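I have placed the structure first, in the form of structure tokens, so that the comments after it can refer back to it.
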Amino acid sequence: MKKINLFAEALICALFLFGLLISCVKYDAESNFSVEVVDGGKGVSIVGYNGSNFNVQIPPKIQNLLVTKIGDSAFKRNINLTNITIPSSVTSIGTSAFSNCTNLTNVAIPSSVTFIGYWAFEGCTNLKSITIPTSVISIGGSAFDKTAWYNSHPDGLIYINKILYSYKGKMSSGTTIDNIKPDTIEIAGYAFYRLTNLASITIPSSVISIDSNAFSDCKDLTNVIISEGVKNIYGFAFYRCTSLTNVIIPSSVVFIGNNAFRDCSSLINVTFAPNSQLKTIVDGAFENTRLTIITIPSSVMSIGVSAFADYSDYTQRRLMSVTFESANIEMKYNDSPFHGDLLKKYLANGIGTYVITSVDRNGYPVWTKQ
């Protein structure tokens, strides 16, 4: 007995291969939507629309499966679309789902939605009216950029619910921001991207996540205060902040994403607060900084490729001393987080402080446990 009806000749293509469920995109001629099975077979994601209607209503169910997601790029560049009705079954709107729908004028997002992806409505130049319910607790960067709605906001900090979505406009030289709303839970991706003249920012304890590229290329940023309470610093969050010199990572942080502080070429000191809960440092997190000494907290479980790599010449090599407080950190042997033979020495000798004492015949540093 079938649990669901299949679209004429198979709406859902699903098969088990080596124990994995593989879903295929299928087109439903009745609704003009292309869908993909998600949520373990309990729902579908809209991944495309092949109709030409100006006013589109997404049904709450397609062939007895709940429509729970609007997938990445599902309506991207649909210039016919002027109005969209999203059912209350939908919980997330994917990356670029409606980007560059230049004739879209109104969107009412139902209270079932909790997540809106990067660039979801970017470039919808005629989108003037957007209803965003309080249920939305995470918004990807640039989700509403280049819309009439965004352009109607005055310059300064723009909030959506408890999310600091963006800073609009230019800053005066030496700008300090220390007044972020105390109930803010997220700094959205690209919120301060490439803003010149931002010199200092205080991130309050209410913030849980600093999203990808939130402060990347803020070349005048010299001071960042990350308050206790922040848990996630995502990829490229402070990438290429070339004036940043010191960072204290509070004990509440559990995750530092790929390239989070990469190419911060003035960063000489990173301190992990006592009783750190940090678990994961991802690829390139502190690559090409000016760190000379680092202590890896005992809580750390994995460090990614080139996380502390330094590609300068040995005569100018910066990171000279590394202290490990745990003997059980997972690192890839052939893609070490560090230059030279440090990983080999750590695996052999465990907890302790290691310093560079010489170089081998190929110019790679040789580490010795103190």
For region 311-370 the number of residues that are within 21 Å of T289 (Cα to Cα), more than 33 Å from the chain's Cα centre (by Cα) and assigned to a helix (DSSP H, G or I) is 2
Given the conditions (1) surrounded by fewer than 23 Cβ atoms within 10 Å (Cβ to Cβ); (2) within 16 Å of the chain's Cα centre (by Cα); (3) small (G, A, S), every one holds for A214 apart from (1)
task: Consider R240 carefully, then state whether it is within 26 Å of A188 (Cβ to Cβ), touching a residue at least 12 places away in the same chain (Cβ under 8 Å), part of a loop (DSSP other than H, G, I, E, B) and of a type in the set (K, R).
output: yes
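Yes/no matrix, rows are residues, columns are (1) of a type in the set (S, T, N, Q); (2) at pLDDT 95 or above; (3) buried (at least 17 other Cβ atoms within 10 Å of the Cβ):
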position: F272; (1), (2), (3): no, yes, yes
position: Q277; (1), (2), (3): yes, yes, no
position: A309; (1), (2), (3): no, no, yes
position: S312; (1), (2), (3): yes, no, no
position: F324; (1), (2), (3): no, yes, yes
position: Y333; (1), (2), (3): no, no, no
position: G350; (1), (2), (3): no, yes, no
position: Y354; (1), (2), (3): no, yes, yes
position: S358; (1), (2), (3): yes, no, no
Note: among A120, A199, just one is assigned to a loop (DSSP other than H, G, I, E, B) and either surrounded by 15 or more Cβ atoms within 10 Å (Cβ to Cβ) or not polar (S, T, N, Q) (or both), namely A120
Condition set part of a strand (DSSP E or B) and charged (D, E, K, R), scope region 167-196, selection surrounded by the fewest Cβ atoms within 10 Å (Cβ to Cβ): answer is K168
Tell me yes or no: at least one residue of region 276-291 is more than 30 Å from K219 (Cβ to Cβ) and out of contact with any Asp or Glu (no Cβ under 6 Å at 6 or more places or on another chain). yes
Restricted to region 60-117 and to residues being among the charged types (D, E, K, R) and under 25 Å from the mean Cα position of the chain (by Cα), the residue surrounded by the most Cβ atoms within 10 Å (Cβ to Cβ) is K69
Turns out the strands (runs of 3 or more DSSP E) fully within region 1-58 with at least 3 residues that are at pLDDT below 50 and surrounded by fewer than 17 Cβ atoms within 10 Å (Cβ to Cβ) are 13-17, 20-24
The lone condition S173 fails out of (1) over 23 Å from the mean Cα position of the chain (by Cα); (2) within 30 Å of I62 (Cβ to Cβ); (3) polar (S, T, N, Q) is (2)
Counting only residues in region 287-310 that are farther than 16 Å from Y354 by Cβ and among the hydrophobic types (A, V, I, L, M, F, W, C), the one nearest to the chain's Cα centre (by Cα) is identified as V305
Note: among T196, T134, just one is farther than 30 Å from D263 by Cα and β-branched (V, I, T), namely T134
Note on region 123-139: residues buried (at least 20 other Cβ atoms within 10 Å of the Cβ) and at pLDDT below 95 are none
The residue that is farthest from I233 (Cα to Cα), considering only those in region 202-222 that are part of a loop (DSSP other than H, G, I, E, B), in contact with a strand residue (DSSP E or B) (Cβ under 7 Å, 6 or more places away or on another chain) and among the hydroxyl-bearing types (S, T, Y), is T222
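The values are calculated or read from the model by the stated rules, or taken from the named source; none is laboratory data. These numbers come from a predicted model, not from an experiment. Note that each Cβ is placed from the backbone with ideal geometry, even for glycine, and that neighbours are counted across all protein chains shown.
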